[in-house]
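Since the structure comes first, as structure tokens, the remarks are kept for the end.
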Amino acid sequence: MRSPLGQPLPHESAWLHVSGEARFVDDLPEPPDLLHAAVLLSPHAHARILARDASAALDLPEVVAVAFAADVPGVNDVGPIRADEPILAAEEVACVGQVVAAIYAETREAARAGLARIRVAYAPLPAVLTIEEAVSRGSFLGDPHVIARGDADRAVSGAPVRLEGCLDTPAQEHFYLETHAALAVPGEGGTLDVASSTQHPSDVQAFVARMLGWGRNRVVVTSPRMGGAFGGKETQAAQWACIAALGVHLTGRPVKLRLDRDTDMAATGHRHPFHTRWAAGVDPEGRILGFQADVWADAGFATDLSPSILARALFHLDNAYFLPEVRIRGRLVRTHRVSNTAFRGFGAPQGMIVIEHVMERIAAAVGRDPLEVRRINLYGPAPRHTAPYGQEVAGFRIPRMLDEVTARADLDARRARVAAFNEGSAWIKRGIACTPVKFGVSFTTAHLNQAGAYVVAYGDGTVQLNHGGTEMGQGLYTKMLQVCAHDLGVPIGAIRAMPTATDKVPNTSPTAASAGADLNGQAVRVACRALVERLLPVAADVIGVEPSVLEMASGRRGEWPSTPEGEPAWAWTPDGRAVSFPRVCAEAVTRRVPLAATGHYATPGIWYDLAAGRGQPFHYFAHGVGVSEVELNGLTGESRVLRLDILHDVGETLSPDVDRGQIEGGWVQGLGWLTCEEVVLAPDGGRLTRGPGTYKIPAVGDVPLDLRIQLLENAREDGVIHGSKAVGEPPLCLAIGTWIALCHAASAFGPPGTSLTVALPATPEALLEAVERARALRGPSPAE
């Protein structure tokens, strides 16, 4: 046999998923005397709470308790950065969908019936519902974030060609298959066990303990697995776990809270809507000389992670392009909408799409091919090789990748075919675009760049693997099994991945920022190597040689030999004597050698000075290039992607099938954000899109039939786990090229040289509006 590292293995839970045996929070065995919780949501965007009355609800025989803010024994807040997000609303409500009360009943049906009997009196207050309103009224959260280099004002105003514009990017609903869920079970001696659908068990542990007024050691939080998360369960799972735990406090009985889809969509945050105004000065070739951008992000009513999301957006406004003189200013606005939160990409897509839009505008202004304009603005060698915030853009692979993907995609010939098709087609037009992605990888909050692991071996040679990362379907557990098997030198079938739990690995960071494999993989590697070093003398004694003579399966990418008994060899000598891992473990037990080891990893060199707008917020950059070809019906506004070519830089892949799945899924989710997923608000601030009947996520028919995914070869990255790179978030940004291709298709309905921007999301309605604008520029045609 050989090391599984880098091999195309199936997802570790695939057979459990397809058989229905996989247990999510709501599938866990229900303890005796379980109560079911439900929540009452505010109907007002902004109002003062005048009175509360739960007596009619408590008259129902199956309703056991109702909780308001005054019933919280400890701290009534789950704000991860600022204490501005109450678990249960106290004096005021600040959005439609804010939780005002929780009810605990014998059944879910009884809980829902009881909700209808809770009476809350409100005095409505003025509400701010849009970014424009917030800016005009000075409704901000925190100070501006400014990143600057050189004299951007002079560079823009003095340039031969000056351009300006604005771009609005929309909200997006996470729409994970599994909605938020938590199960809280009282333990002996005033302790609590919580199963939570969360990306951040340590965060849930901290907030539950603080809400109860306890030390964290009395609370154990487990994340068994999630049915999707996409950032929506990084911080916002804590509130629902706290509400379940509060029910335990009030009743002494276990409590489960699972949100239905309607409640989940009404009460939880989305991708932040952004409004960006920009100005660029360029030379006649289209090379950027100066660039300015003012960015406003809608945080909703509370801070959540919005400062970090805004920061990542600003860090990615350059994407793959060098901006010599630049000033970027970002500001968070506070509106009376749900508190927006992390979403795959974490602000980077909202920043990256702006500069890609700018590249299109530049190309139209100077009369050059958009891809050539992109090429001349790419990062180059030092001293051009620094980002606006001062970090060196090391290992920049986009020029090489552009060459490879344009050749593989036959881009020049296909563009000619698209032009010929459009010339002969009146009501169906096509577009094709090629765009790059440069994505910084690391948490930009330095202390989050750490991870822990706990690896346990038993006397029979089987292993339990614990680490701080959570599994949400993305394949992290699969990769960690491969890393553990490789670095411990044992067959992957001998290792069991354990559910993530705070009593096994404490003080963990969230599984987010595309850094789950980077951080946890390094921690697993450290723990495995500690075990190997401890067991090496045991193996040597069993064989009867000095440790220095032994060759090891641990860390060996090639074939592993077998023992004379036919078992995989763990250690062997050049003359063929070998010992298996089970034999070594059994001997270790008799010698009282411990068979458990911990590992910890902290990413080096991460820092950022917010006041100066300078630093090194990323450990490295991941890259991707995509070519999208689309078709647009000018009569209906319907569009489809005909072909998609992606070349993605994942370094030296840990698990190629997992990586390909992430690339495909990321692009599809980006396509949804940019084309069909439209969050619609009512005039009172409530959500009109609160389920699959009104909110369209991409379906199988939206995936191009011709889908070509390639992993960049010879791409090993130094200083990361086995040369691999992050893959979770960067591919989502490749969907920006699909939107640009749709802009090209809509522009093709106008006269030659037309370059229009389609409003986001590019729904059929938005595309039809763009088509009509393009046709108006051309005027009526007798042929039509």
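The values are calculated or read from the model by the stated rules, or taken from the named source; none is laboratory data. Computed from a prediction, not measured in an experiment: that's the story for all the values here. Cβ sites come from the backbone with ideal geometry, for glycine too, and all protein chains shown count toward neighbours. Remember, those area values only see protein heavy atoms, side chains included, never the ligands or the DNA or RNA. Shrake-Rupley method; radii C 1.70, N 1.55, O 1.52, S 1.80 Å.
Values computed for the structure shown
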{"item": "Total residues in the stretch 582-602, condition over 19 Å from Asn466 (Cα atoms) and in contact with a helix residue (DSSP H, G or I) (Cβ under 7 Å, 6 or more places away or on another chain)", "result": "6"}
{"item": "Conditions (1) in contact (Cβ under 8 Å) with a residue 60 or more places away in the chain; (2) more than 17 Å from Leu632 (Cβ to Cβ); (3) assigned to a loop (DSSP other than H, G, I, E, B); number of the one not met by Leu734", "result": "(3)"}
{"item": "Matching residues in the stretch 122-132 - criterion: being surrounded by fewer than 19 Cβ atoms within 10 Å (Cβ to Cβ) and more than 14 Å from Ala45 (Cα to Cα)", "result": "Glu132"}
{"item": "Residues satisfying the stated conditions in the stretch 51-74, i.e. touching a residue at least 60 places away in the same chain (Cβ under 8 Å) and part of a strand (DSSP E or B)", "result": "Ala51, Arg52, Asp53, Val64, Ala65, Ala67"}
{"item": "Hits in the stretch 712-727 - residues which are touching a Leu at 6+ places or on another chain (Cβ under 8 Å) and aliphatic (A, V, I, L, M)", "result": "Leu712, Ile721"}
{"item": "Qualifying residue in the stretch 75-98 (condition: of a type outside the set (Asp, Glu) and either part of a helix (DSSP H, G or I) or farther than 30 Å from Ser308 by Cα (or both))", "result": "no"}
{"item": "Gly719, sole failed condition from (1) outside any loop (DSSP other than H, G, I, E, B); (2) surrounded by fewer than 16 Cβ atoms within 10 Å (Cβ to Cβ)", "result": "(1)"}
{"item": "Residue match in the stretch 487-508 (condition: outside any loop (DSSP other than H, G, I, E, B), within 16 Å of Gly452 (Cβ to Cβ), open to solvent by 20 Å² or more (accessible area, probe 1.4 Å) and in contact with a Leu (Cβ under 6 Å, 6 or more places away or on another chain))", "result": "yes"}
{"item": "Residue match in the stretch 279-293 (condition: closer than 18 Å to Val78 by Cβ, touching a strand residue (DSSP E or B) at 6+ places or on another chain (Cβ under 6 Å) and open to solvent by less than 20 Å² (accessible area, probe 1.4 Å))", "result": "no"}
{"item": "Given (1) in contact with a His (Cβ under 8 Å, 6 or more places away or on another chain); (2) on the phi > 0 side of the Ramachandran plot; (3) among the basic types (Lys, Arg), number of the condition Arg592 does not satisfy", "result": "(1)"}
{"item": "Unmet criterion (only one of (1) under 29 Å from Ile492 (Cα atoms); (2) touching a residue at least 60 places away in the same chain (Cβ under 8 Å); (3) not aromatic (Phe, Trp, Tyr)) for Glu629", "result": "(1)"}
{"item": "Residue within the stretch 695-707 that is among the aromatic types (Phe, Trp, Tyr), part of a loop (DSSP other than H, G, I, E, B), open to solvent by less than 40 Å² (accessible area, probe 1.4 Å) and touching a residue at least 60 places away in the same chain (Cβ under 8 Å) present", "result": "yes"}
{"item": "Odd one out for Thr738, checked against (1) of a type in the set (S, T, N, Q); (2) in contact with an Asp or Glu (Cβ under 7 Å, 6 or more places away or on another chain); (3) under 19 Å from Gly670 (Cα atoms); (4) open to solvent by less than 10 Å² (accessible area, probe 1.4 Å)", "result": "(2)"}
{"item": "Options Ala209, Ala171, Ala238, Ala184: the member that is in contact with a strand residue (DSSP E or B) (Cβ under 7 Å, 6 or more places away or on another chain), among the small types (Gly, Ala, Ser), surrounded by 24 or more Cβ atoms within 10 Å (Cβ to Cβ) and modelled with pLDDT of 95 or more", "result": "Ala184"}
{"item": "Filter result for the condition that a residue is among the hydrophobic types (A, V, I, L, M, F, W, C) and either surrounded by fewer than 20 Cβ atoms within 10 Å (Cβ to Cβ) or without any contact (Cβ under 8 Å) to a residue 24 or more places away in the chain (or both), over Ala116, Ala111", "result": "Ala116"}
{"item": "Qualifying positions in the stretch 463-483 - part of a loop (DSSP other than H, G, I, E, B) and either more than 24 Å from Leu177 (Cβ to Cβ) or of a type in the set (Gly, Ala, Ser) (or both)", "result": "Gly468, Gly469, Gly473, Gly475"}
{"item": "Scan of the stretch 679-693 for residues that are open to solvent by 40 Å² or more (accessible area, probe 1.4 Å), closer than 16 Å to Tyr176 by Cα and of a type outside the set (Lys, Arg), ordered by number", "result": "Pro692, Gly693"}
{"item": "Set Arg216, Arg253: member being surrounded by fewer than 24 Cβ atoms within 10 Å (Cβ to Cβ) and either under 18 Å from Pro80 (Cα atoms) or hydrophobic (A, V, I, L, M, F, W, C) (or both)", "result": "Arg216"}
{"item": "Count of the stretch 705-727 residues which are in contact with a Gly (Cβ under 8 Å, 6 or more places away or on another chain) and under 28 Å from Glu631 (Cα atoms)", "result": "0"}
{"item": "Flag for Ser136 being of a type in the set (Ser, Thr, Tyr) and within 26 Å of Ala682 (Cβ to Cβ)", "result": "yes"}
{"item": "Test: residue in the stretch 303-320 that is open to solvent by 10 Å² or more (accessible area, probe 1.4 Å), more than 21 Å from the chain's Cα centre (by Cα), at negative phi and modelled with pLDDT of 95 or more", "result": "no"}
{"item": "Residue list for the stretch 626-652, restricted to those being touching a Pro at 6+ places or on another chain (Cβ under 9 Å) and open to solvent by 10 Å² or more (accessible area, probe 1.4 Å)", "result": "Glu629, Asn633, Thr636, Glu638, Ser639, Arg640, Val641, Leu642, Arg643"}
{"item": "Selected residue (criterion: most open to solvent (accessible area, probe 1.4 Å)) from residues of the stretch 600-618 that are in contact (Cβ under 8 Å) with a residue 60 or more places away in the chain and assigned to a strand (DSSP E or B)", "result": "Trp607"}
{"item": "Qualifying residue in the stretch 368-385 (condition: within 24 Å of the chain's Cα centre (by Cα), closer than 30 Å to Gly150 by Cβ and not in a loop (DSSP other than H, G, I, E, B))", "result": "no"}
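Table: residues versus (1) closer than 26 Å to Gln7 by Cβ; (2) in contact with an Asp or Glu (Cβ under 8 Å, 6 or more places away or on another chain); (3) β-branched (Val, Ile, Thr); (4) assigned to a loop (DSSP other than H, G, I, E, B).
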| site | (1), (2), (3), (4) |
| --- | --- |
| Ser548 | no, no, no, no |
| Gly555 | yes, yes, no, yes |
| Cys585 | yes, yes, no, no |
| Ala588 | no, no, no, no |
| Pro594 | no, no, no, yes |
